[in-house]
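Please read the structure below before turning to the comments.
The values are calculated or read from the model by the stated rules, or taken from the named source; none is laboratory data. Note that the coordinates shown come from a computational prediction; the quantities given were computed from them, not determined experimentally. Because the Cβ atoms are built from the backbone with ideal geometry, glycine has one as well, and the counts that use them run over all protein chains shown. Only protein heavy atoms, including side chains, enter the accessible area calculation; ligands, DNA and RNA are left aside. Shrake-Rupley method; radii C 1.70, N 1.55, O 1.52, S 1.80 Å.
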Amino acid sequence: VACAAGVTVDVYEGKGSVGRKFLLAGKGGLNLTHSEGFAAFVARYGNRRNDIRAWLQSFDSQAVCDWAQGLNVATMIGTSGRIFPADLKAAPLLRRWVRRLRDSGVRFHVNHCCVGISPEGHCRFQTPEGEAIVKPDATVLALGGGSWPQLGSDGAWVEWLRPRVDIAPLQPSNCGFDVEWTPVFTQRFAGHPVKSVIVSTGAAQSAQAAQTLQGEFVITANGIEGSIIYALSAALRDTIARDGAAELRIDLAPARERERLEKELSQPRGKRSFTEHVRRTVGIDGVKMGLLYEIVPRTDLLDIHKFATAIKSLPIKLARARPIEEAISTAGGIRFDALDEHLMIRSMPGVFCAGEMIDWEAPTGGYLLTACFASGRISGKSAAQWLSE
């Protein structure tokens, strides 16, 4: 966008090549955006929806698809409504993107790690040849959050930018959570998916209404993770920060009402083991049965009413979010009040921001990339306009 406005652009990249986190996203098929309607799309940004709506009004999910098409990359809509490159690969798109930028005159400088910026926007870099000072006429910072730091977004910028800008602490988002499993359960079931369940946060988890989602999650050596957990992670994280812990309720048998479970479990057991009886009567076995043995008191296992209740609403206590380094994305960053409508830092004229380093978050599903693209478009356009004025 800045090049199209006639501005000379230099990109300074901390790593040895650009787009490493973009390539990582491609390992899951590169979920670029989502096909749902605009109102539902905007609602995914939670308490930042009004701020993000302004970004998306000028660059929405269709604009992302058009951008990819402009690079000769066709897109497709998956069964969940998510939109991917037709070949489900990130590398071809990134190569064409960088090639077009180079052909437009953009100059890339890799292995330039920004370690400071002056009030005038002069940037200080660590390079293999030593320290370098760059004095641009306008600067766009797109430094990411704090997740997957080995790919470049290590959050180090918070320390050197905080003296000049109001920054909300970085927190993990779209993350897993720790559960105090017993060693026996971990050894047997770590890595097992828990499929076809309904997960609820409960009414007390946040200031928002209770959230209920159907899907699956995965048992880990430390706790739980997976798409359905990521979607609830913001509310769960905030509850843990407020109360010291959070609780999920799991319906292990969504297709059966509790009364039906009680009736089926009441059938004569004969010589079958308890585990085999549960498997034959209500179809619960494997990791689901393991969860019941792990959490439900032994006396309640033999009480049909209490056991059926546990199947329909199994409590899992979450102790803490996994470390920010493991998260898919982060919350926190430069507060919106510190930026004007053009994403320029109010206290640093000529310095603009884009992407995940701004204080917003969204679930997986293409919402993260779409908002990053949209904010990048605004900051590039705004920087070019600021120079012209």
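Observations, loosely collected:
- Every pair of residues 6+ apart whose Cβ atoms lie under 7 Å, when the first sits in region 44-64 and is on the phi > 0 side of the Ramachandran plot and modelled with pLDDT under 95 while the second is part of a helix (DSSP H, G or I) and crowded, with 21+ Cβ neighbours inside 10 Å: Gly46/Ala234
- Among (1) open to solvent by 40 Å² or more (accessible area, probe 1.4 Å); (2) within 18 Å of Gly16 (Cα to Cα); (3) polar (S, T, N, Q) - the single one Thr127 does not satisfy: (1)
- Counted residues, region 146-166 - those being out of contact with any Asp or Glu (no Cβ under 9 Å at 6 or more places or on another chain), without any contact (Cβ under 8 Å) to a residue 40 or more places away in the chain and not in a helix (DSSP H, G or I): 2
- Leu101 surrounded by 13 or more Cβ atoms within 10 Å (Cβ to Cβ), touching a helix residue (DSSP H, G or I) at 6+ places or on another chain (Cβ under 8 Å), of a type outside the set (S, T, N, Q) and not in a loop (DSSP other than H, G, I, E, B): no
- Selection count, region 154-185, where residues are within 18 Å of Ile295 (Cβ to Cβ) and acidic (Asp, Glu): 2
- Residue under evaluation Leu213, criteria (1) modelled with pLDDT of 95 or more; (2) of a type in the set (A, V, I, L, M); (3) part of a strand (DSSP E or B), criterion not met: (1)
- Residue that is nearest to Ala327 (Cα to Cα) [pool: residues in region 162-192 that are surrounded by fewer than 21 Cβ atoms within 10 Å (Cβ to Cβ) and touching a Lys or Arg at 6+ places or on another chain (Cβ under 6 Å)]: Asp178
- Test: residue in region 371-382 that is surrounded by fewer than 24 Cβ atoms within 10 Å (Cβ to Cβ), polar (S, T, N, Q) and over 21 Å from Cys123 (Cα atoms): no
- Any hit, region 151-160, residues being open to solvent by 20 Å² or more (accessible area, probe 1.4 Å) and among the polar types (S, T, N, Q): no
- Qualifying residue in region 132-149 (condition: of a type outside the set (Val, Ile, Thr), closer than 21 Å to Thr370 by Cα, at pLDDT 95 or above and open to solvent by 30 Å² or more (accessible area, probe 1.4 Å)): yes
- Among the candidates Leu302, Leu252, Leu314, residue that is over 30 Å from Pro163 (Cα atoms), of a type in the set (A, V, I, L, M) and at pLDDT below 95: Leu302
- Within region 224-249, considering residues that are open to solvent by less than 80 Å² (accessible area, probe 1.4 Å) and either in contact with a Phe, Trp or Tyr (Cβ under 6 Å, 6 or more places away or on another chain) or charged (D, E, K, R) (or both), the one farthest from Pro193 (Cα to Cα): Asp238
- Among the candidates Pro323, Pro363, residue that is more than 14 Å from Gly144 (Cβ to Cβ), at pLDDT below 95 and not acidic (Asp, Glu): Pro363
- Residue list for region 1-60, restricted to those being polar (S, T, N, Q) and closer than 30 Å to Thr127 by Cα: Thr8, Ser17
- Residue within region 76-89 that is open to solvent by less than 30 Å² (accessible area, probe 1.4 Å), assigned to a strand (DSSP E or B) and within 27 Å of Asp359 (Cβ to Cβ) present: yes
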